[in-house]
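Structure record follows, encoded as structure tokens.
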Amino acid sequence: KGDFSGTVTQGSDIRFKHRMNDVTLDLDVMANAPLFNFYWNDRADNQLHLGTSSQYWEIYRNELVSGIDFKGLDYSTLGVAMGISLARKVKELEAKIKYMEERYGEICE
């Protein structure tokens, strides 16, 4: 084992990307995703983990999943996608509330 220091980052410079299309995760897909505590079958550390299912996400966003026999999930990309998708939904709901308040007056105090 070696000593490591510094920061690991994923490239995100838009100048190096092509064929982009906008993606927003569906709120129902996020809300219905399994989230559970678990222990790994093949590890003796008996450490409790928190996670979701690669098989679930493979159905909706297969680019997040890797592997054939053992399926891996890109948790960091999923987290970013969920955060941005939720922020977009909140902004959409804020706009609807603003419209309703302008049309019908204050609806919440």
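Listed options for percent of Cα pairs over 26 Å apart are (i) 39; (ii) 22; (iii) 44. The value calculated from this structure is the one marked (iii).
Applying 1/(1 + (r/R0)^6) with R0 = 30 Å to the Cβ-Cβ distance of N41 and V80, what FRET efficiency is obtained, to the nearest 0.05? Efficiency for this residue pair is about 0.55.
Potential lengthening of the chain between T52 and K98 amounts to 13.0 nm, from the contour at 0.36 nm per residue minus the alpha-carbon distance.
Where a number appears in this text, it was derived from the coordinates with a stated rule and is not lab data. In this text, all values refer to a predicted model and were calculated from it rather than measured experimentally. Cβ coordinates were reconstructed from backbone atoms using ideal geometry, including for glycine residues, and neighbour counts include every protein chain displayed.
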